[in-house]
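Q: Here it is, the structure in full.
The values are calculated or read from the model by the stated rules, or taken from the named source; none is laboratory data. Quick caveat: nothing in here was measured; it's all calculated off a predicted structure. Here the Cβ positions follow ideal geometry from the backbone for every residue, glycine too, while neighbour counts run over all protein chains shown. The area values use the complete protein model at the heavy-atom level, side chains included, leaving out ligands, DNA and RNA. Shrake-Rupley method; radii C 1.70, N 1.55, O 1.52, S 1.80 Å.
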Amino acid sequence: MSRKHKKMLARILISAALLIACALSPLKGVWRLLSFLVPYAVIGWDVLWKAARNIAHGQVFDENFLMALATVGAFATGEYPEAVFVMLFYQVGELFQSYAVGRSRQSISQLMEIRPDYANLERDGRTEKVDPEEVNVGDVIVVKPGERVPLDGVVLEGRSTLDTAALTGESLPRDVGEGDDVVSGCVNQGGLLRVRVTKAFGESTVSKILDLVENAGAKKARAENFITKFARVYTPCVVVAAVLLAVVPSLVSGDWSQWTRALIFLVVSCPCALVISVPLSFFGGIGGASRDGILVKGGSYLETLSQAEIVVFDKTGTLTKGVFNVTAIHPDKISEAELLELAAYAESYSDHPISRSIREAYGEEIDQSRVGAVEELAGRGVRAVIDGRTVCVGNSKFMDELGAKWHPCHHVGTTVHVEVDGLYAGHLVISDEVKPDAAEAIGKLKELGVKKTVMLTGDAQAVGERVGAQLGLDEVHAQLLPAGKVERVEALLREKSDKGALVFVGDGINDAPVLSRADVGVAMGGMGSDAAIEAADVVFMDDKPSKLADAIRIARKTRAIVRQNVIFALAVKLLVMALGAFGVANMWEAVFADVGVSVIAILNAMRALRAPKDA
């Protein structure tokens with residue numbers, strides 16, 4: 001509990017003790033009034049001051065004005081204990097509100113701890129601690145065990161494991177070694193690392209994430225905007241209604257002792273339960289999501305995400321790993337090992353992604369003395385002399401030119417054929433692997449009631465259909481250029497219902513046009529991806545598509561809490577306001593209808609901090 005909260009709690013306890021003492025006191029007349037003014041001043045001086053200050057600035061109709069008017073009016077009608085208790089209970093509600101907001105902010109501020117305090121900069125053969133903002137691109141920094149990686153970079157020397165939980169919400173550490181990329185915000189758990197900086201602090205992953213989180217409250221949800229506008233109209237209306245309730249019956253009956261009804265009406269009418277709990281619910285939802293490695297840029301996106309009806313995925317890097325691997329080896333007259341070895345040696349001089357994937361699958365050191373003349377044939381393949389044998393590696397067009405008796409493969413992917421000394425030796429299949437949790441992600445979305453799951457890809461139709469069938473997607477659209485993806489999303493937007501939302505999930509690098517066109521754009525793998533953080537409305541800090549179902553579940557829980565608070569607060573207030581207007585409700589019931597409802601709504605809003613479990 002903060003110092004501010006402790007001071008307020010002390011004021012509440014002191015005022016409550018003084019209230020009890022005054023209620024038991026035998027004092028009469030003006031002395032009784034003066035005695036009750038003491039606990040009232042202890043607990044309510046700041047409310048009176050805020051009301052007076054706001055009136056001076058032209059902001060008359062707020063909760064401070066309502067509480068001041070109601071309690072001062074209660075003193076004027078001789079209801080001293082009620083006046084003090086109304087203010088006391090109101091401050092109890094304010095304490096609950098402040099504590100709840102603090103909890104919500106704490107859940108987000110925990111993410112702020114990823115900001116590094118210093119960097120160990122190598123300079124003239126020694127290291128010195130400097131502010132991360134002083135480090136330039138190309139500088140070398142040292143990250144010791146237990147320290148947080150201060151800037152994005154590439155490991156020059158050392159091996160270690162990095163704790164990425166603060167960024168991804170996942171507890172599984174990540175192994176890194178020489179040549180691997182590291183992103184700021186992770187904690188070095190093992191050995192010493194020397195890292196060459198690739199991004200200045202202002203452009204680093206941690207800086208962009210902090211900026212995103214700090215501005216998360218800027219995009220208000222429709223419900224938040226409605227409540228704000230509602231309170232501006234509602235408050236002056238109830239003040240006028242309270243004045244009429246006090247004056248009109250008295251003019252008709254000639255009995256001017258019915259002011260209590262108007263005061264009860266004022267106490268009940270304070271809209272703080274709505275004004276506080278609705279934004280607090282969205283703030284809590286954003287905070288709870290951030291602890292799961294899901295960064296939402298504002299309440300409006302959380303609200304829209306809860307209405308997800310159509311989910312569209314990019315393929316490469318989103319549902320698949322985006323890394324080419326050898327997924328099948330089919331030899332003909334030679335062994336698998338020999339086929340892979342010959343292909344790796346033939347591709348040893350090429351830097352093409354397919355060539356790299358073959359060498360990585362081989363996994364052995366390439367002895368260049370075994371390789372003779374090498375000839376690269378654009379768009380077809382490569383011809384090389386290996387151990388005195390002529391090895392041709394390439395596509396079917398190349399094989400046709402050679403007259404090789406090749407045959408197609410039943411596996412979908414890029415087929416690389418191999419011919420040795422004029423004889424067909426077999427082929428390798430290179431393909432992009434599906435992510436381990438991709439099928440689970442689609443299954444979870446269907447369990448949540450998402451009506452349609454779609455995949456868009458620029459790959460061949462056969463590749464797209466294979467992935468779509470493997471994952472259980474409803475639609476697959478292949479061989480699309482970026483403009484074609486936008487057109488397809490436009491068509492899908494026309495299919496959804498008025499209350500539904502289209503969510504597009506991409507890698508944030510080359511999908512910016514589609515991300516911006518969707519109702520909600522979600523970027524995968526925000527770690528290390530500048531474009532992901534910039535382009536999307538929601539960013540997942542890891543590469544798991546299954547996080548989308550978690551995000552939708554959090555969004556729906558938050559929206560349900562908002563709806564519960566609005567209905568509950570309005571129902572109780574309208575009931576007690578009506579009872580108060582007819583003289584049935586007393587001041588104690590009015591206090592519950594105001595502060596009691598606020599406390600219940602705030603406690604309910606705090607539930608948004610806890611991410612819901614899988615259904």
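Q: For L377, what residues show an amide H to amide H distance below 5 Å, using hydrogens built from the backbone and excluding near sequence neighbours?
A: Amide H neighbours of L377: V382, R383.
Q: Non-local amide H neighbours of G426 (under 5 Å, H modeled in plane, Pro and chain starts lacking H): which ones?
A: D332, V418
Q: At a 1.4 Å probe, what is the % contribution of carbon and sulfur to the accessible area of segment 262-331?
A: 58 percent
Q: Then there is this: Compute, for I294, the solvent-accessible surface of its heavy atoms (probe 1.4 Å) with the complete set of protein chains present, and express it in square angstrom to the nearest 10.
A: Its heavy atoms expose roughly 0 Å² to the probe.
Q: Same structure, new question: Run down the aspartates and glutamates and flag those whose C-alpha is under 12 Å from the C-alpha of K547, throwing out any fewer than 8 positions away in its chain.
A: In chain and number order, the partners are E170, D292, D437, E440, D614.
Q: Where a Cα-Cα gap under 16 Å defines reach, which aspartates and glutamates qualify for K4, not counting those fewer than 8 residues away within the same chain?
A: D46, E94
Q: Here's a follow-up. Determine the per residue accessible area of segment 281-327 with all protein chains present and a 1.4 angstrom probe, expressed in square angstrom.
A: Accessible area per residue: 22 Å².
Q: Using a 1.4 angstrom probe on heavy atoms only, work out the carbon and sulfur share of the accessible area of segment 1-92 in %.
A: Of the solvent-accessible surface of segment 1-92, carbon and sulfur hold 72 percent.
Q: Could you sort K485, K405, K4 by their accessible area in this structure, using a 1.4 Å probe and putting the largest first?
A: K405, K4, K485
Q: Would you calculate the separation in nanometres between label points at T77 and K333, each defined as 7 Å from the Cα along the Cα-to-beta-carbon direction?
A: The answer from the label model is 10.5 nm.
Q: Once Lys and Arg get +1 and Asp and Glu get -1 on their Cβ, which of S357, T320, L377 lies farthest toward the positive end of the dipole of segment 282-423?
A: So the residue we want is T320.
Q: Further, regarding this structure: If you rank E94, E203 by how much accessible surface each has, with a 1.4 Å probe, what is the order from largest down?
A: E203, E94
Q: By how many nm would the segment from R356 to Q470 lengthen if fully extended, with 0.36 nm per residue of separation less the alpha-carbon distance?
A: 38.4 nm
Q: Positive end of the dipole of segment 556-615, charges at C-beta (+1 Lys, Arg; -1 Asp, Glu), about the Cα centre: which of T558, M577, F592 has its Cα farthest in that direction?
A: Towards the positive end, the residue furthest out is T558.
Q: What is the gain in length, in nm to one decimal, between I14 and W45 on full extension, counting 0.36 nm per residue of separation less the C-alpha to C-alpha distance?
A: Here the segment from I14 to W45 would lengthen by 9.8 nm.
Q: Ranked from the most accessible area to the least, with a 1.4 Å probe and all protein chains present, what is the order of D351, D180, D387?
A: D351, D387, D180
Q: As I understand it, the dipole of segment 432-510 uses +1 on the Cβ of Lys and Arg and -1 on the Cβ of Asp and Glu, about the Cα centre. Which of L471, A441, L502 lies farthest toward its positive end?
A: L502
Q: To continue, here is another question. What distance in nm separates the two pseudo spin-label positions at I567 and E122, each 7 Å out from Cα along the beta-carbon direction?
A: 6.3 nm
Q: Hey, can you find the accessible area per residue of segment 406-562 for me, probe 1.4 Å, expressed in square angstrom?
A: I get 38 Å² per residue for segment 406-562.
Q: With every protein chain present, what accessible area does D542 have (1.4 Å probe, heavy atoms only), rounded to the nearest 10 Å²?
A: Counting only protein heavy atoms, D542 exposes about 20 Å² to solvent.
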